[in-house]
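Heads up: the structure comes next, in structure tokens.
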Amino acid sequence: MTTFDYGPIEFYAIGFEGDRPGPGVLQAIDDLVATGTVNLLDLVFVRRDAEGDLEVLEVTDTIDDGAPALNLEGLAGEEDIAALAETVPAGASAAILVVELLWAKAFAGALYDAGGFVVGRQGIPAPLVNAYLSEHVS
């Protein structure tokens, strides 16, 4: 069976009111890494001021101590960050995460060996899933 060095990766932009996310966000990321669900490859923060100007902050610029270890810092390039931050409104911020999906690594190798490949992917945010299911499933 093919063994890849890395599994699939995903980029996320997670928005917050105000100029930075709260400390619980880093704890949640640390928990995902500790359980082996994801590997944190890169993490930057962005914030948009009241005039609409975007500022990009490295994680070390926003945290006094306890910054998570990044395996491929810089993987999120300027174009990636700009595209993901496009919808951050004035007065808000976002964490831009690049994560390797460790749970999918072996599956990716099996797909590759079988001649399969991903032809599409659709994500649905948890609040939408839960709202729908609470109304439609008893």
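The values are calculated or read from the model by the stated rules, or taken from the named source; none is laboratory data. Predicted model, so just to flag it, every value in this text is computed and none were measured. Positions of Cβ are backbone-derived with ideal geometry, glycine not excepted, and every protein chain shown enters the neighbour counts. Note: areas computed on protein heavy atoms with side chains; ligands, DNA, RNA excluded. Shrake-Rupley method; radii C 1.70, N 1.55, O 1.52, S 1.80 Å.
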| remark: ALA83 fails exactly one of (1) modelled with pLDDT under 95; (2) surrounded by 12 or more Cβ atoms within 10 Å (Cβ to Cβ), namely (1)
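In the set LEU97, LEU111, which member is outside any helix (DSSP H, G or I) and open to solvent by less than 80 Å² (accessible area, probe 1.4 Å)? Show your work before the answer.
On the way: LEU111 fails: outside any helix (DSSP H, G or I).
It is LEU97.
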| task | Hey, could you check the range 8-35 for residues that are in contact with a Phe, Trp or Tyr (Cβ under 8 Å, 6 or more places away or on another chain) and touching a residue at least 24 places away in the same chain (Cβ under 8 Å) and say which is nearest to ALA110 (Cα to Cα)? | result | VAL25
| message | So GLY116 ticks every box in (1) open to solvent by 50 Å² or more (accessible area, probe 1.4 Å); (2) outside any strand (DSSP E or B); (3) free of Cβ contacts under 8 Å to residues at least 12 places away in the same chain but one. Which box is left unticked? | response | (1)
| Selection from the range 1-58 of residues that are small (Gly, Ala, Ser), under 14 Å from ALA85 (Cβ atoms) and either open to solvent by 50 Å² or more (accessible area, probe 1.4 Å) or outside any strand (DSSP E or B) (or both) | GLY15, GLY52
| message | Checking the structure you have, find out if any residue of the range 94-104 is out of contact with any helix residue (DSSP H, G or I) (no Cβ under 8 Å at 6 or more places or on another chain) and free of Cβ contacts under 8 Å to residues at least 60 places away in the same chain. | response | no
| remark: Per the list (1) at pLDDT below 90; (2) crowded, with 16+ Cβ neighbours inside 10 Å; (3) under 20 Å from PHE4 (Cβ atoms); (4) not aliphatic (A, V, I, L, M), residue check on GLU73 breaks on (3)
